[in-house]
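Encoded as structure tokens, the structure appears first; notes follow it.
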């Protein structure tokens, strides 16, 4: 009987040690509220003046990139849209200022009243988008600025990914 009790005690003791040695893994899942934002901008200024004003007021460094070429299946033509790009290495955000108008059409045809789009990629929350929008609205050459829900656009596949 003593050997049985002794064996049980050893098994319990071993199990207790194993429980102490087991690693417990906890996963912390943090998801940003948005991984992109699309802001429509109305301004009668040229693209380079608008990018300069945005850089000055937002502290960005939008730089002219090669024009964005989009094939328009409906009219069987290539369309070229002005494009300015800034990659913020600190916040890991990418900014794209895209002209909505070119000689032969619109980047997002269903929003032909918009002059430019500011497309931002990266993890950001609603507060960041609101602050950014407020700063844009205070730029004197911007007539209007507002957030656009890109999931409702027919032409959303044209957006930069």
Of everything in the range 151-161, what is in a loop (DSSP other than H, G, I, E, B), in contact with a helix residue (DSSP H, G or I) (Cβ under 7 Å, 6 or more places away or on another chain) and closer than 16 Å to residue 96 by Cβ? Give them in sequence order. 153, 155, 159
Can you confirm whether residue 45 is surrounded by 14 or more Cβ atoms within 10 Å (Cβ to Cβ) and modelled with pLDDT of 95 or more? yes
Identify, from the list 91, 150, the residue that is surrounded by fewer than 17 Cβ atoms within 10 Å (Cβ to Cβ), over 16 Å from residue 40 (Cα atoms) and within 17 Å of the chain's Cα centre (by Cα). 91
How many residues are in contact (Cβ under 8 Å) with a residue 60 or more places away in the chain, under 16 Å from residue 53 (Cα atoms) and not in a loop (DSSP other than H, G, I, E, B) when one looks only at the range 133-150? 5
Please work out which residue is nearest to residue 76 (Cα to Cα), limiting yourself to the range 111-127 and to residues that are at pLDDT below 95 and in a helix (DSSP H, G or I). 126
Here is a check on your reading of the model: is residue 80 out of contact with any helix residue (DSSP H, G or I) (no Cβ under 7 Å at 6 or more places or on another chain), surrounded by fewer than 19 Cβ atoms within 10 Å (Cβ to Cβ) and either modelled with pLDDT of 95 or more or in a helix (DSSP H, G or I) (or both)? yes
So is residue 130 assigned to a loop (DSSP other than H, G, I, E, B), free of Cβ contacts under 8 Å to residues at least 40 places away in the same chain and surrounded by fewer than 20 Cβ atoms within 10 Å (Cβ to Cβ) or not? no
Filter the range 97-114 down to the residues that are crowded, with 20+ Cβ neighbours inside 10 Å and touching a strand residue (DSSP E or B) at 6+ places or on another chain (Cβ under 6 Å), then identify the one that is nearest to residue 41 (Cα to Cα). 114
Taking the stated definitions as given, is residue 66 in a loop (DSSP other than H, G, I, E, B), without any contact (Cβ under 8 Å) to a residue 60 or more places away in the chain and surrounded by fewer than 19 Cβ atoms within 10 Å (Cβ to Cβ)? yes
Conditions first: (1) in contact with a helix residue (DSSP H, G or I) (Cβ under 7 Å, 6 or more places away or on another chain); (2) modelled with pLDDT of 95 or more. Residue 95 passes all but one, so which condition is the exception? (1)
Picking from 61, 72, the residue that is touching a strand residue (DSSP E or B) at 6+ places or on another chain (Cβ under 6 Å), more than 22 Å from residue 133 (Cα to Cα), without any contact (Cβ under 8 Å) to a residue 40 or more places away in the chain and surrounded by fewer than 18 Cβ atoms within 10 Å (Cβ to Cβ) would be 72
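The values are calculated or read from the model by the stated rules, or taken from the named source; none is laboratory data. Since we're looking at a predicted model, the values are computed, not measured. Every residue, glycine as well, gets a Cβ built from its backbone with ideal geometry; the counts of neighbours run over all protein chains shown.
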